[in-house]
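Values in this text are rule-based calculations from the coordinates and carry no lab data. These numbers were taken from a predicted model, which means no experiment stands behind them. Please note: Cβ atoms are built from the backbone with ideal geometry, for glycine as well, and neighbour counts cover all protein chains shown.
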Amino acid sequence: MREHPDSFAGGGEKPELIAPETALKLAPNITAAEALAVFRRKLPNADAEVREVLHPFWSTVLSAQTSSIFRRNRKPEPAGRARAEASPGQCMNVLVNAYSGKGYLADFDPRGETVAVTEWLDAFESSDQAGPQPGPDDVRRTARALVRTKVLKTVKLGMGLSLDEIAAPSGILKPNWVVTGDNDKFSATILVDGLDSSHYIVRVEKLTQD
């Protein structure tokens, strides 16, 4: 999952933080050495330093169940039998950026170490990003919209959809690596995703003149 800081227009003081009831710190799938290798593919022979940063997210799980609205068989249904033929529910994990409110469908079950909610708040407050922080209700709306859009792309016309919340919104600390360094031509800072090694160039500066 590619992730990078999202900027907000305007300045001023940060709004009051909305704390989750629980928080989980994910373990990185990508090591510091692998993050450094990503950096050196961009800047060969660079001297660089790597540091871990934790990005606060919200996490929730929804179950999506589809059912047939129209039936070919027009005979009366037996008593106690539903009119619609429902398919088994599909659980989907959704992560929502605690800075921007942007949501992502996660292709993994968030697992990690349970941490104090204060760690999640500290990670949020350590950023210089400002803006309207999403709360649990915003997370629910974003998650439902994402899952609905995803499922409706794959179902046939005439299928109904019901969504149920399996896990209430909670806090997630997602690991990333910030790599800063230079070679004889360029200086740069790159943010490397700690889960899948996708990366975002934060800064690049040319050191030599042609």
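Distance cut-off 28 Å, Cα to Cα: go down the list K42/K153; K42/K150; K42/K174; K174/K206 and report the pairs above it. Before the final figure, lay out each step's value.
Values: K42/K153 37 Å; K42/K150 34 Å; K42/K174 24 Å; K174/K206 31 Å.
Flagged as over cut-off: K42/K153; K42/K150; K174/K206.
Let me check I've understood the local charge: for V139, count other residues with C-beta under 13 angstrom from its C-beta, Lys and Arg +1, Asp and Glu -1. What total comes out?
0
Around V115, which amide H atoms from residues at least 5 apart in sequence, or from another chain, sit under 5 Å from its own amide H, with H modelled in the peptide plane?
A23, L24, K25
Give me the number: length gained by fully extending E21 to A168, i.e. 0.36 nm times residue separation minus the C-alpha to C-alpha distance, one decimal in nm.
Answer, rounded to one decimal: 52.0 nm.
Which length gain, in nm to one decimal place, applies between R41 and Q90 when the Cα-Cα distance is subtracted from 0.36 nm times their residue separation?
In short, 13.7 nm is gained.
Residue by residue, what Karplus-based ³J(HN,Hα) values in Hz, rounded to whole numbers, does segment 141-151 have, using 6.51, -1.76 and 1.60 with θ = phi - 60° and x for Gly and Pro?
Values per residue, Gly and Pro as x: 5, 4, 5, 5, 5, 5, 5, 4, 4, 4, 6 Hz.
Given labels modelled 7 Å from the Cα in the Cβ direction, how far is it in nm from V117 to Y104?
2.5 nm
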